[in-house]
1. Expressed in nm to one decimal, what extension gain is obtained for the pair GLU69 and ALA20 from 0.36 nm per residue of sequence separation less their Cα-Cα distance?
2. Can you tell me the orientation of helix 246-259 relative to the chain, as the angle in degrees between its alpha-carbon axis and the longest Cα principal axis, to the nearest 10?
3. Longer than 24 Å from Cα to Cα, which of LYS62/LYS99; LYS84/LYS153; LYS68/LYS307; LYS131/LYS173; LYS120/LYS254; LYS173/LYS231 are they? Say none if no pair is.
4. I'd like to know which of SER221, ILE165, PHE126 lies farthest towards the positive end of the charge dipole of the chain, counting +1 on Cβ of Lys and Arg and -1 on Cβ of Asp and Glu.
5. Any cysteines in the chain with zero other Cys Cβ atoms under 4.7 Å from their Cβ? List them, or say none.
6. Looking at the chain as a GNM with Cα springs under 10 Å, which of MET199, MET81, MET264 has the largest mean-square fluctuation?
7. When Lys and Arg each count +1 and Asp and Glu each count -1, what net charge do the other residues less than 11 Å away from ASP141, Cβ to Cβ, add up to?
8. Picking from ALA40, ALA113, ALA175, which is most flexible by a Gaussian network model of the chain using Cα springs under 10 Å?
Amino acid sequence: MSVEFSNFEDLLKAVEGLPAMPIAVIDADEQHVLEGACQAAAAGYVEPILIGDEKSIRNILKTITCKKEFRIIHAPLEEAMAEKGVELIEQGTVKALMKGHIHTDQFLHPILAHHLQGKKRISHAFLTDLKTYPKLLYITDAAINISPDLTTKMHIVQNAIDLAILLGVEKPKVAVLSAVEVVNPAIPSTINAACLAKMADRKQITGAIIDGPLAFDNAISAESAKVKGIKSLVSGDVDILVVPDLVSGNILGKDLEYLASAQMAGLVVGTKVPIILTSRSDPPRTRLLSCAVAVLASHRMELERSKL
């Protein structure tokens, strides 16, 4: 197991001492959003600018424990909030965007319209810290690409691999999930999974070991794979779970969070700047962890650029 961080506590130690990153929080007038921003600011990870209905934001801030003073930009309409965040990015005022209570499609629309995405299709990755698993587990894509075709899945996989490598996984092991572990023409996700594994063999996807199709049990459990007669370098040591579509990924992520007490962080990947994207119902801790991941990823991206 070649990983730098086995859990979020290890990752948070790596973030300590890094400069606080200025971020814009889009649609900040909700209690969990503001508590997360306050906690991340108090930890020294970020310097938030709050965008939304100013009166509502100030009223909520009075009801929570927050010792930080924040700049607030009044923008009562969701479209205006997101546009203002992009404007702050383009001005260099902030280095990252954080989704608040705004819907994901309204949040992402100006990001795509203003070409803040990179050369690849953007996607989303959950980082998951489970007491029952020995390292951080990545899940992709559970928030952006609804029913991705093979080309889109190639970008989804490469985005997640690049993030994992940036965060210290030397050669990520990727399981492309389906309901079964054999290619079945009646189940299209098994065909896509097999294609993605072969694309890695042919260097169309780089930096990782990819196997699929794998069912969830034999991706996570080496014993399960052994019982089923599956020989895989990925089984039991997986870093990245690639789900068939957004619905299955969303269900998987929330199952782990609500039934297995997983700690979660969520980022958009494939963008030119860090985009922090969590569920609107996520607790403040998820937002704090997502900020920490974004800060570390941004810091390491800048280091990589400086070497060029």
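Every number in this text was worked out from the coordinates using simple rules, so none of it is lab data. Predicted, not measured: the structure shown is a model, and the values here were computed from it. Virtual Cβ from ideal backbone geometry, glycine too; neighbours counted across all protein chains shown.
1. Details: separation 49, 0.36 × 49 = 17.64 nm, distance 1.46 nm.
Gain on stretching GLU69 to ALA20: 16.2 nm.
2. Here the helix axis deviates by roughly 80 degrees.
3. Working: LYS62/LYS99 22 Å; LYS84/LYS153 31 Å; LYS68/LYS307 36 Å; LYS131/LYS173 20 Å; LYS120/LYS254 27 Å; LYS173/LYS231 14 Å.
Going by Cα-Cα distance, LYS84/LYS153; LYS68/LYS307; LYS120/LYS254 fall outside the 24 Å limit.
4. ILE165
5. Isolated Cys, the chain: CYS195, CYS291.
6. Of the options given, MET199 has the highest mean-square fluctuation.
7. Details: positive: ARG121, LYS153; negative: ASP245.
Charge balance near ASP141 sits at +1.
8. Among ALA40, ALA113, ALA175, the largest mean-square fluctuation in the Gaussian network model of the chain belongs to ALA113.
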